[in-house]
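Read-outs throughout are calculated quantities, based only on the coordinates presented, and are distinct from any laboratory measurement. Owing to the predicted nature of the structure, the values given are computational and were not obtained by experimental measurement. Reconstructed Cβ throughout: ideal geometry from the backbone, glycine too, with neighbour counts over all protein chains shown.
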Amino acid sequence: MIPLMMSFVAGRKENKQDVLRAFNFSLVFVLGLATTFTVLGMIAALAGNLYGDVSGAWNWVVAAVCAVMGLHLMGVVTIPIPSLGGRLQPQTRGFLGAFLLGLLFGVVSAPCAAPILVVLLTYLAGSGSSVAWGGVLLLVYALGHSVLILIAGTSMGAARQLIENRNATRVLRVLRTGAGAVIVLVGIYFSYKGLQK
């Protein structure tokens, strides 16, 4: 996702990119991505509300999803998640093009977002949460998920240094493994809740 955003910002040939303009393009891209994630959260919450009480069995579904996605993040199991990102390049230019690209990337950014996104959507579908809470939860996730995209789109030099930095790569690997472990623990919690019902 970061290389595509960098190429979109760098590819504007209308005039020289200053930092503020690059930041604005990146911000509009992030808003498009956040819009898609927010809508997905609202749909999951709405689906859960339409089905009503889905019983204690849903705790086991959430626990299983957490276990699989957590193990995937930890590198214990590999789940092939298709990526369509390299094939997307909207014909629309300017801020509208950046927003449309963000909307599309919200749908196809599965390799980056899927483990956490699947857990959140599964949780929302069975929790009986309001549609507004589903939207807010996924909006916050999207904004946190997009911080590096915003930095990379704003400063290509900073992005290049971050991508090539071995220490940052090691830290990212540790954070990813830690996040996977936390998700597995969340799965254990939902298993415990399943036993209580």
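For the reader, a short list of remarks on this structure follows.
- Distance between modelled label sites at residue 79 and residue 151, nm, 7 Å Cα→Cβ extension: 2.7
- Backbone phi angles across the range 166-180, fed through the Karplus curve with coefficients 6.51, -1.76 and 1.60 (θ = phi - 60°), yield HN-Hα couplings of 5, 5, 5, 5, 5, 4, 4, 4, 5, 4, 5, 5, x, 5, x Hz in residue order; Gly and Pro are listed as x.
- Neighbour counts of C-beta atoms inside 10 Å place 151, 79 in the sequence 79, 151, starting with the fewest.
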